[in-house]
Amino acid sequence: MEKKISMEKLVNHCKNMGIIFPGSEIYGGLANSWDYGPVGIELKNNVKKAWWTAFVQESEHSMGVDASILMNPRVWEASGHVASFADPLMDCRECKTRHRADKLIENHSKGGVNADAMSNEEMEGYIISHKFACPVCGKHNFTPIRQFNLMFQTNRGVTQEKTNIIYLRPETAQGEFVNFLNVQRSLRMKLPFGIGQIGKAFRNEITPGNFTFRTIEFEQMEHQLFCKEGQDQDFYDFYKGKSMEFLGGLGLPAEKLRFKDHEKLAHYAKAACDVEYQFNFGWGEINGVHNRTDFDLSRHQEFSGKNMEYTDPITNEKFIPYVVEASYGLDRIILALLDNAYEIETLEDGTEREVMRFKPEIAPFKVGVMPLIKKLHAEKAHEVYRILAKKFRVIFDETGSIGKRYRRQDAIGTHFCVTVDDETINNGTVTVRFRDSMAQEVVKLEDLKDFISKKLED
Ligand code: ATP
């Protein structure tokens, strides 16, 4: 079995199989933007559902929100994004391309040097003393580092004046912070409690993206746990542990995941760590857990002038809660799942098959329904489709030989194929074929739904 898949191969596979397409492709694309196709959207929805179940539904103390992407610009002043949400950029004076200094160092040292812990001066010194070459033209002639704000701006109203500037949110978290009191009061929540949200975020990323790893528009799944100071460390440890449990539950193997504690903490943070996955281009962050102290709510109290305190119902004590954040990048998780699931398997007869070994819960399609001979069996197969589609995401496939159709379903990770043939019409049975083992089993049509449900749970 071969398991070394290049990024280029994965990108092509995703395009050919309807998983992910280049954004605005017919116009030559738009750097770092991608569109999820009919298969990718199912995968994405399944991961969102798994996250919502784990972080909101299964927690008695969590509620969800869906806040606006466009927020009052004062939000981003309070959060610190207007002043300091910036990347350290250098231009190559020769070929005029722009690069992130920290990423140049990390790539050059193959992850051995942690540029996060360096100041701009230290990064410049490192790049000069190691005679870094521009990755595009190979010359050594960089400008000094300049800070470049990552927020996308737009204008509200008809005139483009400075006072009209609003931002596309660069993270979803602020939607949870500004609604802290709304959620707490409307549903009578007692501390500790959490607010979860899934939604789009936007960042003006200029460095090459490694497929969907770094995009200008992406989805975050974030959970903010509000608690009393003193409880924060326990929750931080809890959500750190839960990261591995959640990612492992999706099917990512433990040996491809690792914690990376932050060496340089943001001034307000008490502790922070990332979970990294071993992509084919190296280790990359897919999730972060941050102890944000009372910084966020205190800043919103200061900038909005509204009291953000919580009153303890027993002691009547008033205080601003601490926040422990668990932040997941949906698109990076999808990329890790695709990378991990995709295999080119050499079969006993020497032929190869492409297969995506997703866990049943996240497989884009659970069942592929196919008439053996279109003319004879299509009508019955449509009936089978309708029965199964009430319960599962099913795909109908009637084009090409049955062998080719099986391969096509393997290549998008469909868990079972159900073939409708003369036996179905004469005896009421179908053939169920399993993706991973390729074994086949004859099942009575009336038992099919339960058979598949049970197998998916095994
Ligand atoms: P990086 O250092 O890779 O730029 P970050 O530390 O800025 O990431 P956070 O601000 O902690 O990321 O965002 C939380 C999560 O959102 C990350 O763990 C990641 O999964 C995801 N994320 C951040 N930026 C992007 C992006 N440009 N494209 C896709 N996902 C992203």
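The values are calculated or read from the model by the stated rules, or taken from the named source; none is laboratory data. On a predicted model such as this, the values are computed, not experimentally measured, just so you know. Here the Cβ is made from the backbone with ideal geometry for all residues, glycine too, and neighbour counts use every protein chain on show. Quick note on the areas: whole protein, heavy atoms, side chains included, nothing else; ligands and nucleic acids left out. Shrake-Rupley method; radii C 1.70, N 1.55, O 1.52, S 1.80 Å.
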Test: ILE198 is within 16 Å of the ligand (Cβ to nearest atom), open to solvent by 30 Å² or more (accessible area, probe 1.4 Å) and not polar (S, T, N, Q): yes
Number of the exception - ARG332 against (1) buried (at least 16 other Cβ atoms within 10 Å of the Cβ); (2) within 12 Å of the ligand (Cβ to nearest atom); (3) within 30 Å of GLU229 (Cα to Cα): (3)
Enumeration of residues in segment 188-200 that are under 22 Å from LYS49 (Cβ atoms) and out of contact with any helix residue (DSSP H, G or I) (no Cβ under 9 Å at 6 or more places or on another chain): LYS200
Selection from segment 88-103 of residues that are open to solvent by less than 20 Å² (accessible area, probe 1.4 Å) and part of a helix (DSSP H, G or I): ALA101, ASP102
Residues of segment 110-119 classified as within 16 Å of the ligand (Cβ to nearest atom), surrounded by fewer than 18 Cβ atoms within 10 Å (Cβ to Cβ) and over 25 Å from the mean Cα position of the chain (by Cα), total: 2
Residue in segment 223-243 that is polar (S, T, N, Q), at pLDDT below 95 and farther than 23 Å from PHE85 by Cβ present: no
Among (1) touching a strand residue (DSSP E or B) at 6+ places or on another chain (Cβ under 8 Å); (2) buried (at least 16 other Cβ atoms within 10 Å of the Cβ), the one test that LYS359 misses: (1)
Tally, over segment 127-176, of residues that are touching a Leu at 6+ places or on another chain (Cβ under 9 Å) and assigned to a helix (DSSP H, G or I): 1
Members of segment 265-314 that are crowded, with 18+ Cβ neighbours inside 10 Å and either of a type in the set (D, E, K, R) or outside the structural domain of LEU252 (by TED's automatic domain parsing) (or both): ASP274, GLU276, ARG292, ASP294, ASP296, ARG299
All positions within segment 130-180 that are within 22 Å of the chain's Cα centre (by Cα) and either exposed (fewer than 13 other Cβ atoms within 10 Å of the Cβ) or among the polar types (S, T, N, Q) (or both): THR172, GLN174
Residue count, segment 210-232 (criterion: more than 25 Å from GLY282 (Cβ to Cβ) and open to solvent by 30 Å² or more (accessible area, probe 1.4 Å)): 4
Which listed residue is at pLDDT below 95 and hydroxyl-bearing (Ser, Thr, Tyr), from THR419, THR414, THR399, THR429: THR399
